[in-house]
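Worksheet for the structure shown next.
Rule-based calculations on the coordinates, nothing more; no lab input. Note that the structure is a prediction, hence the values are computed from the model and not measured. Virtual Cβ from ideal backbone geometry, glycine too; neighbours counted across all protein chains shown.
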Amino acid sequence: ILQRSEFTVHAGMPRPGRYLLDDGTKRTDRDIRLEFDWQAGRVRGTAEDEPVDVHVVPGLQDAATMQVLVTARLRSGLEPGTIAMIEKDRVKYYHYTLLRRERLVTALGEFDTLVYSSTREGSSRETLSWHAPALGFGVVQAQQLVKGKLGLHTRIRSFTPGE
């Protein structure tokens with residue numbers, strides 16, 4: 001699977017230009033290719049073989065730059081808040097809430113973390129992410145819960161600063 005976002009930094013925050021999701025197969029029915037035209041106020045492309053032409057809303061992100069934005073806001077001393085993200089051919093709003101501070105043991109050692117919940121209205125999914133200030137607020141653990149049950153769990157195994 002390849003996920004790629006080309007973006008610029010605008011007012012200190014990421015602004016997507018191009019987004020690609022390739023599922024790694026020759027088929028295209030799960031792939032996404034989007035172009036953000038900020039001048040025209042549109043996002044155009046294809047998602048799962050269907051055409052996309054969506055109005056840009058302020059602060060709109062793609063799936064990859066959304067995480068960059070969360071990290072940038074935390075580094076600036078701001079809360080992530082609510083973030084608009086394009087998913088396929090729709091704009092959806094994700095709400096980030098600080099749940100707690102937690103000391104977490106990882107393969108890299110122990111870190112003080114901030115645990116955030118990300119939810120979207122009308123969805124049964126919740127994503128929890130553990131951000132380590134000592135690593136520039138990078139995510140050292142994440143879990144996705146579906147109807148309260150663990151669906152995905154990931155933990156940091158290595159970290160190379162500056163890359």
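Just a few scattered comments:
- Cα extents of the chain along the three principal axes, largest first (Å): 45, 35, 33
- Listed by chain and number, the lysines placed with their C-alpha closer than 26 angstrom to that of Lys149 are Lys88, Lys92; residues fewer than eight positions away on the same chain are left out.
- Ignoring aspartates and glutamates fewer than eight residues from Lys147 along the same chain, the ones with Cα atoms less than 16 angstrom from its Cα are Glu121, Glu126.
- Other residues within the sphere of radius under 14 Å centred on the Cβ of Ala107, judged by their own Cβ, net out at +1 (K and R +1, D and E -1).
- As a rough guide to protection, the peptides 34-44, 94-104 ranked by mean Cβ packing within 10 Å, highest first, stand as 34-44, 94-104.
- Distance from the alpha carbon centroid of segment 1-66 to that of segment 92-163 works out to 23 angstrom.
- Basic side chains Lys and Arg get +1 at the Cβ, acidic Asp and Glu get -1 at the Cβ, and with that the dipole of segment 52-163 about its Cα centre reaches some 320 debye.
- Aspartates and glutamates whose Cα lies under 20 Å from that of Lys26, excluding same-chain neighbours fewer than 8 positions away: Glu48, Asp49, Glu50
- Karplus-based coupling profile of segment 54-69, in residue order and whole Hz: 10, 5, 6, 9, x, x, 4, 10, 9, 4, 7, 6, 4, 5, 4, 5, with θ = phi - 60° in 6.51 cos²θ - 1.76 cosθ + 1.60 and x standing for Gly or Pro.
- Cα Rg, Dmax (largest Cα-Cα span) when computed across segment 72-125, Å: 14.1, 41
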